[in-house]
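**Q** Starting off with a structure, shown below.
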Amino acid sequence: MKNFINLGRDVNRLDGYDKVSGNAKYIADYEFPGMLYAKVLRSPHPHAEIISINTSAAEKMEGVIAVTHSGKCSHKMGLYLVDRPVFATGKVRFKGEPVAAVAALTEDIAAAAIKKIKVKYKMLPLVDNIEDALDKNATLVHPDLMKYSYLPIYYPKKGTNIFNHFPLRKGDIKKGFKQSYKIYENEFTLPQIQHVPMEPHGAIAKWDRNDKLTVYSSVQSPFTLRNLLRLAFGLSHKDVRVIAPYVGGGFGGKAGINMEPLAVALAKEAKGKWIKLIFSREEVFLGTTVRQAMRARVKTGIAKNGRIIAEEIEMIFDGGAYAEYGTNVVRAAGYTCIGPYDIKNVKGDTYGVYTNHLVGGAFRGFGHGELHWAVESQMDIIANDLKMDPAEFRRLNVLKPGSINSMGEKITKHTGDMVACIDAVAKDLKWGKPSKKPAKPYIKRGKGLAVLEKAPAMPANATSCARVKFNEDATVIVQFSGMEIGQGCITALTQIAAERLKMDVSKLHAAGLPDTDFSPYEWQTVASRITWAVGNAIINAVDDAHEKIKKVASKVLKVKASQLDIDGEKVFVIGNKGKSIALPLIIMGYQYPDGHTIGGPVEGVGTFTPHLTNLDAKTGQGHAAAEWTFGCEGAEIEVDTRTGELKILNLVGAFDLGTVINPSTARGQIIGGMIQGLGSAVLEELKYKDGKIANPSFVDYKIPTAADLPDKIKHIFIQTPDDGGPFGARAIGEHPMISIPPAIANAIYDATGVRIKALPLTDEKILSSLKEKK
Amino acid sequence: MSKDITLNVNGIDHHVNIQGNETLLKVLRDKLGLTAAKEGCGAGECGACAVIYNGSPASSCLILAVEAEGVEILTLEGITPKDHLHPIQQAFIDKGAVQCGFCTPGMIITTYSLLKSNPDPSEDEIKKAISGNLCRCTGYVQIIEAIREAARRLKRVKGRRK
Ligand code: FES
Ligand code: FES
């Protein structure tokens, strides 16, 4: 490992002071004079025609300033597929869909006014699950699907509920199965889950009479929000300004465009006034996006030597009432469909279908938690049936340097070391040795592991920009628009800038909270891409600033710019450190003794563009992955066979994240992700009754608390430098959540011989499976 | 119905006009400008709104402001010393216990109260104490380490005073 001055070091979070002191401002903390408060009327039905909306009683109420609904605001929105109206238009497609909104002098008045809006509905048939959606005579949730605008990398199917079909074809699947010695086929499912950021979504908007729009929002992607708002409301980019305060957790739920248009629609009706809309926790459950539900069928062909030679996988995602951002979840899951395995013959078909459920969208893992649930359960079933060690079976079959992955990309030694991840987890779990025998005979212990891979899912033109500005005293301000959503990007990116500047990080200040009028462009804070992509842009920005300094210094020192180098304090002639200029004397312009000055304030600008291609429409082959992060996760558990009670004894995760920029924040990402993964494994499920969500609160939708922690939890860094990452770093934000569910399911099988194929792995489900087995 | 009351917050008496149905959380945030306490659920289920109320931690979203008259209330702003950080706050930074920061004020309040009543808590006692404070980012492990570290540092401070 190289000698870094700022990397691989636990630099304390630069946003730490703000956050422990209460100084950090989140969207709900903003108040402006004359502000109005908004409330949203939501549909009580999952699928119904809107016959009429009568707002006159609400409008007459004292203190009500604006009322709006689809009659006044008929705009549609969407990042990838523009299918989602701001307000339900013509019909409602899920329970909780916004139908109208009110802005009033106080929240209480707005809440009372909402109740006075009268809406007449006529029920429509309910599309309540994937089966309903795919039925030959299915009710179409979006009869106008083909009229919507969408990027040409998605494939909706006319006359169906299918909003995207991603096919993947590699090798010769028929031949592969023909040559197989054994074939396995299984089906796996998982339900919708919620991101549950602790901060509810919120936005504050003002539409001025000169048609300038300003929006504060709890947002992961200020520039993409600006773009989508201006598309929806027909404005120019220059007239829309998005300002992003600290975000209290995102996990994908604040990516793209969300609830902001509701506030904007009201702002348009009450010009010149600030409109504040903060969701209640119930509205976060009902009115934001969720992780899509999925059903997967996996068919795998094995050769005599244990090598996988054919795999056919069909994944169907329940995208809910609107596809929007979720269209790309289907694509991302589709091109990674077989997981990190080297398989010659593959046939993948990944579908997204509309239902009358909550809107599916981006969620930490972006399709990969879903696909690995299926694939990593399947691998365990096969290994056990073949009487092969499940770790050994994976070592034999995973991607290695020289392998070709699902979409035809070649794996090199820089891609990462999957086998090292497996070895590290196996070692920690004392793999191969049976668990310590519990004292009570009805308690069974077991171990399981599961591998994973993920690349950032983004379009080929997802770009980044960064700036470094020197101050008079040669300290530096770094500017970028990666959002600090808790992951620690402000700190990591400042460390990267400091490293390239050859300065201690204490000499830098990060202007990390973006304002689209002033900050450099950033596509989105999603896909675990910020440290990696913006880190590269920052390196380019530092190099640009250094070039500018050298240009001036070469005139002063009368040498070629190429003969100069810069350390954190001075620019000097290579091989002659005495011939130098201290940075403070040059970064605002160099002044000669007679007073005349050359050069000027030094600001470096850097951009970064990933080198990607679109994928072939018929085969899904191409290059969609800017970089991969490989990992392996393991669990040791015990089950009380009398009650089904599951206890997690140990969780371990090893990830090849390349060069670790900040071990403490990287650990935070890993442990936090593993525990969110634990929630999705054993607790979390959005439950429906008659198409309506039955558990939209913390009483009924449990997420892990400190009391749910396993006895032991451990993270392991594998550090194979990424040849395209800043100083060799690669992505780690989403990955730790991905394979905890299959690792635990595999451990349950090891302990009890019971295979559960539907998440979550609740005690009740374990108990009933144990009973079935008997 | 509005009413004039006096709230004692962080040692200062505040005269405020409130609505009968307003929660203490809302009054702290909207009328007193004390926004460290957050609303995560409004239903007593997440701990983001925790304040010290009569000496123990309480969910300020469940308390009506009218009921709080005459009660000593301490918020995160109140436990932050004038020109530096409280050892608990510093330990949260040093141990990487902060990510998005939305749960942090509530966590620190709960820790403050725990360490007052139990200066040397075991890991299980810590887990139990913070199990009403939801955090979606950290997985709690670094928070628990920060609380242990804060306990150590507070003991050292106390030891020095003796
Ligand atoms: S906001 Fe009070 S407990 Fe959640
Ligand atoms: S740090 Fe984000 S909720 Fe705890």
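**Q** Report the net charge of residues surrounding A:TRP532, where surrounding means a beta-carbon distance below 14 angstrom and charges are Lys +1, Arg +1, Asp -1, Glu -1.
**A** So the surrounding residues net to -3.
**Q** Shifting gears a bit: Roughly how large is the A-B contact in terms of buried accessible area, totalled over both chains, probe 1.4 Å, nearest 100 Å²?
**A** Buried: approximately 3600 Å² between B and A.
**Q** Right, here's the next one. When the convex hull of the C-alpha atoms of the stretch A:90-213 is computed, what volume per residue in Å³ does it have?
**A** Each residue corresponds to 256 Å³ of Cα convex hull volume.
**Q** Give me the net charge of A:THR475's neighbourhood, meaning all other residues with Cβ under 12 Å from the Cβ of A:THR475; Lys, Arg count +1, Asp, Glu -1.
**A** Local charge sum for A:THR475: -2.
**Q** When only DSSP loop residues count, what trypsin sites (Lys or Arg not before Pro) in the stretch A:214-301 have their Cβ near at most 15 other Cβ atoms within 10 Å?
**A** Sites meeting the loop and neighbour criteria: A:LYS271.
**Q** Charges at C-beta only: +1 for Lys and Arg, -1 for Asp and Glu. How large is the resulting dipole of the stretch A:428-585 about its Cα centre, in Debye rounded to 20?
**A** That gives the stretch A:428-585 a dipole magnitude of about 1180 debye.
**Q** Mind checking the dipole of chain A: about its Cα centre, +1 per Lys or Arg Cβ, -1 per Asp or Glu Cβ, Debye to the nearest 20?
**A** About 1080 debye.
**Q** Just want the answer: with Cβ charges of +1 for Lys and Arg and -1 for Asp and Glu, which residue in A:SER519, A:ALA498, A:PHE480 is farthest toward the dipole's positive end in the stretch A:466-539?
**A** A:ALA498
**Q** So in chain A, which Cys have no other cysteine's beta-carbon sitting under 4.7 angstrom from theirs?
**A** Lacking a cysteine Cβ partner under 4.7 Å: A:CYS73, A:CYS337, A:CYS465, A:CYS489.
**Q** Provide a list, ordered by number, of residues in the stretch B:116-162 showing at least 50 Å² less accessible area with every protein chain present than when their chain is taken on its own, using a 1.4 Å probe.
**A** At a threshold of 50 Å² (probe 1.4 Å), the residues of the stretch B:116-162 that become less exposed are B:LYS127, B:LEU134, B:ARG136, B:TYR140, B:VAL141, B:GLN142.
**Q** Starting from the eigenvalues of the Cα gyration tensor, five times each then square-rooted, give me the equivalent ellipsoid semi-axes of the stretch A:632-762, largest first, whole Å.
**A** Those come to 30, 19, 13 Å.
**Q** If you don't mind, there's one more thing I want to ask. Go through the stretch A:41-56 residue by residue and turn each phi into a ³J(HN,Hα) via Karplus (6.51, -1.76, 1.60, θ = phi - 60°); whole Hz please, and just put x for glycine and proline.
**A** Karplus-based 3J(HN,Hα) across the stretch A:41-56 equals 8, 10, 5, x, 10, x, 8, 7, 7, 8, 7, 7, 10, 10, 10, 5 Hz.
**Q** Using Cα pairs closer than 8 Å and at least 6 residues apart in sequence, work out the relative contact order for the stretch A:56-109, in percent.
**A** 40 percent
**Q** Next question, about the same structure. Averaging sequence separations of C-alpha pairs under 8 Å and six or more residues apart, then dividing by the length of chain A, give the relative contact order as a whole percent.
**A** Relative CO of chain A lands at 15 percent.
**Q** Classify chain A as rounded, prolate or oblate, taking a ≥ b ≥ c as the square roots of the eigenvalues of its Cα gyration tensor: rounded when a/c is under 1.5, otherwise prolate if a/b is larger than b/c and oblate if not.
**A** Oblate shape, in that a/c is at least 1.5 and b/c is the bigger or equal ratio.
**Q** Rg and Dmax of the stretch B:1-132, Cα atoms, in Å?
**A** Both quantities, over Cα of the stretch B:1-132: 14.8, 47 Å.
**Q** Quick one: which bits of the stretch A:12-29 get at least 50 Å² less accessible when the partner protein chains are in, versus the chain alone, with a 1.4 Å probe?
**A** The answer is A:ASN12, A:ARG13, A:LYS19, A:VAL20, A:TYR26, A:ASP29.
**Q** Note the full-extension length gain between A:ALA617 and A:GLU764 as 0.36 nm times their separation in residues minus their Cα-Cα distance, in nm to one decimal.
**A** 48.6 nm
**Q** So, one more: Based on the Cα coordinates of the stretch A:17-150, what is the per residue volume of their convex hull in Å³?
**A** Taking the convex hull of the Cα positions in the stretch A:17-150, it is 168 Å³ per residue.
**Q** What percent do you get for the relative contact order of the stretch A:450-501 when only Cα pairs under 8 Å and 6+ apart count?
**A** Value for the stretch A:450-501: 20 percent.
**Q** By how many nm would the segment from A:LYS774 to A:SER236 grow when fully extended, if each residue of separation counts as 0.36 nm and the alpha-carbon distance is taken off?
**A** That works out to 187.0 nm of additional length.
**Q** Tell me the Kirkwood hydrodynamic radius of the stretch B:87-161 in angstroms, computed as one over the mean inverse distance between distinct C-alpha pairs.
**A** The Cα-based Kirkwood calculation yields 12.1 Å.
**Q** Provide the descending list of Cα extents for the stretch A:465-548 along its principal axes, expressed in whole angstroms.
**A** Projected onto its principal axes, the Cα set of the stretch A:465-548 covers 34, 25, 19 Å.
**Q** Going toward the positive end of the dipole of the stretch A:59-125, with +1 on Lys and Arg Cβ and -1 on Asp and Glu Cβ, which of A:VAL102, A:GLY90, A:GLY71 do you reach last?
**A** A:GLY90
**Q** Distance check, please: which entries in A:LYS72/A:LYS116; A:LYS413/A:LYS551; A:LYS447/B:LYS95; A:LYS238/B:LYS31; A:LYS116/A:LYS276; A:LYS647/B:LYS158 exceed 27 angstrom between their Cα atoms?
**A** Long pairs (Cα-Cα over 27 Å): A:LYS413/A:LYS551; A:LYS447/B:LYS95; A:LYS238/B:LYS31; A:LYS647/B:LYS158.
**Q** Taking the Cα centre as origin and putting +1 on Lys and Arg beta-carbons and -1 on Asp and Glu beta-carbons, what dipole magnitude results for the stretch B:2-78, to the nearest 20 debye?
**A** So the dipole magnitude of the stretch B:2-78 works out to roughly 160 debye.
**Q** Which of the aspartates and glutamates could a cross-linker span from A:LYS271 if the Cα-Cα distance has to be under 12 Å and same-chain partners fewer than 8 positions apart are dropped?
**A** A:ASP208, A:ASP211
**Q** Using a basic spin-label model with each label point 7 Å from the Cα along Cα→Cβ, how many nm lie between A:GLN591 and A:THR463?
**A** In this crude spin-label approximation the distance works out to 3.8 nm.
**Q** Translational D (Stokes-Einstein, µm²/s) of the stretch B:2-78 at 37 °C and 0.692 mPa s when Rh comes from the Kirkwood sum over C-alpha pairs?
**A** Translational D for this selection: 274 µm²/s.
**Q** I would also like to ask the following. Evaluate the distance, in nm, between pseudo-label points positioned 7 Å from the Cα of A:ILE443 and of B:SER131 along their respective Cα→Cβ axes.
**A** It works out to 1.7 nm between the two label points.
**Q** May I pose another question? Longest segment of chain A with no chymotrypsin sites (Phe, Trp or Tyr not before Pro) in a DSSP loop having at most 12 other Cβ atoms within 10 Å?
**A** The longest uninterrupted stretch comes out as A:1-441.
The values are calculated or read from the model by the stated rules, or taken from the named source; none is laboratory data. Just so we're clear, the structure is a prediction, and the values are computed from it rather than from any experiment. Cβ sites come from the backbone with ideal geometry, for glycine too, and all protein chains shown count toward neighbours. Just the protein is used for accessible areas: all its heavy atoms, side chains included, with ligands, DNA and RNA removed. Shrake-Rupley method; radii C 1.70, N 1.55, O 1.52, S 1.80 Å.
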